[in-house]
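Some notes on the structure that comes next.
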Amino acid sequence: MTGDSPTILIVEDEPPIRRLLRTTLTAHDHRVVEAPTGAEAVSALRHYRPDLVLLDLGLPDIDGLTLIGRIREIAPIPIVVLSSRGDEAGKVAALDSGADDYVTKPFGAEELMARLRAALRHRLQQQGAERTFSSGDLNVDLVRRLVRKGAEDVKLSPKEYDILEQLVIHAGKVLTHKHLLREVWRDESVDPQYLRVYVRQLRQKIEADPSTPRHVLTEPGVGYRLV
Ligand code: CA
């Protein structure tokens, strides 16, 4: 263990899942604090100052979405939600309430650790105001408003650029349809179908093979993620 291994607050009322999470996280050199209720989560948050919260939405004493709001008032740390398979509406509501990402139960250790790493990294990037993105042949520079695919400059329409800008600012994080409509169209009530059209156009321009995107990934029923 090193002095800077992250501390994760596990908020989960089911002991077997809590145990599984604890085992997985400690095996990956993370410190763990556990809370089986929302009330204990709030006091643990103040007492232990964790780096990230892993939050089950189905708690006995408080609605998960309400708890996300309380956590947000206390600390600007990443929140990764543990959601049930098929609960797309719950995931979207959690993300729109301020959660950073979700892991669907049952989850594999690899996937869990990857999501936690991404959430912690994303938070660091936000603090350092990351304005560039580089992956494979794609390079985006938000300061100079430059997008390049390999050696060639990519020309984007204003809407396509605005979508890509949001994805770069939040690289690695899933952005809901509502988030993108709010930031790009300034109107959450716009039909998400427009968003799909623009994302398709964006992929035509920045993906090597737009039919199997490697950069702008679809999170079915939820939104998009830049990787
Ligand atoms: Ca539960």
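The values are calculated or read from the model by the stated rules, or taken from the named source; none is laboratory data. All figures in this text were calculated on a predicted structure; none of them were measured in a lab. No Cβ is skipped: glycine too gets one built from the backbone with ideal geometry, and neighbour counts run over all protein chains shown.
If I filter the range 38-56 for residues that are within 12 Å of the ligand (Cβ to nearest atom), assigned by TED's automatic domain parsing to the domain that holds Val103, crowded, with 18+ Cβ neighbours inside 10 Å and in contact (Cβ under 8 Å) with a residue 40 or more places away in the chain, do I get at least one hit?
yes
Here is a list: Ala93, Ala35, Ala99. Which entry is within 14 Å of the ligand (Cβ to nearest atom), touching a residue at least 12 places away in the same chain (Cβ under 8 Å) and buried (at least 18 other Cβ atoms within 10 Å of the Cβ)? Can you show your working first?
Details: Ala93 fails: within 14 Å of the ligand (Cβ to nearest atom); Ala99 fails: within 14 Å of the ligand (Cβ to nearest atom).
One residue alone meets the criteria, Ala35.
So, of the residues in the range 57-90 that are within 16 Å of the ligand (Cβ to nearest atom) and assigned to a loop (DSSP other than H, G, I, E, B), which turns out to be nearest to Thr176 (Cα to Cα)? Don't jump to the end; show me each part of the working.
So in the range 57-90, the residues within 16 Å of the ligand (Cβ to nearest atom) come out as 57-68, 79-87, 90.
Those left that are additionally assigned to a loop (DSSP other than H, G, I, E, B): 57, 59-62, 85-87.
Details: Leu57: 18, Leu59: 24, Pro60: 27, Asp61: 27, Ile62: 24, Arg85: 18, Gly86: 16, Asp87: 14 Å.
So the residue we want is Asp87.
Got a sec? Which of Ile10, Ile17 is assigned to a strand (DSSP E or B) and within 15 Å of the ligand (Cβ to nearest atom)? Let's see the steps before the verdict.
Values: Ile17 fails: assigned to a strand (DSSP E or B).
Only one candidate passes the filter, namely Ile10.
Restricting to the range 1-19, count the residues that are more than 22 Å from Ile68 (Cβ to Cβ), modelled with pLDDT under 95 and surrounded by 13 or more Cβ atoms within 10 Å (Cβ to Cβ).
Residues that pass the stated criteria total 1.
Can you name every residue in the range 82-96 that is of a type in the set (Asp, Glu) and under 12 Å from the mean Cα position of the chain (by Cα)?
Going residue by residue through the range 82-96, those that are of a type in the set (Asp, Glu) are 87-88, 96.
If the condition is that a residue be of a type in the set (Asp, Glu) and under 12 Å from the mean Cα position of the chain (by Cα), then Asp96 is the only one that fits.
Has the range 149-158 got at least one residue that is crowded, with 18+ Cβ neighbours inside 10 Å, in the same structural domain as Arg214 (by TED's automatic domain parsing) and of a type outside the set (Val, Ile, Thr)? Spell out how you get there, then give the answer.
Filtering the range 149-158 down to residues crowded, with 18+ Cβ neighbours inside 10 Å leaves 154, 156.
In the following step, the residues that additionally are in the same structural domain as Arg214 (by TED's automatic domain parsing) were identified as 154, 156.
Restricting the remaining residues to those that are of a type outside the set (Val, Ile, Thr) gives 156.
Scanning the range 149-158, I find at least one residue that is crowded, with 18+ Cβ neighbours inside 10 Å, in the same structural domain as Arg214 (by TED's automatic domain parsing) and of a type outside the set (Val, Ile, Thr), so the answer is yes.
What tally of residues in the range 102-127 results from selecting those that are in a loop (DSSP other than H, G, I, E, B) and surrounded by 14 or more Cβ atoms within 10 Å (Cβ to Cβ)? It would help to see each step written out before you state the result.
Going through the range 102-127, the residues in a loop (DSSP other than H, G, I, E, B) turn out to be 106-108.
Applying the additional criterion that residues be surrounded by 14 or more Cβ atoms within 10 Å (Cβ to Cβ) yields 107.
Here the count works out to 1.
Mind telling me which of the residues Glu160, Glu188, Glu207 ends up being out of contact with any Gly (no Cβ under 9 Å at 6 or more places or on another chain) and at pLDDT below 90?
Numbers: Glu160 fails: at pLDDT below 90; Glu207 fails: at pLDDT below 90.
When all the criteria are applied, what remains is Glu188.
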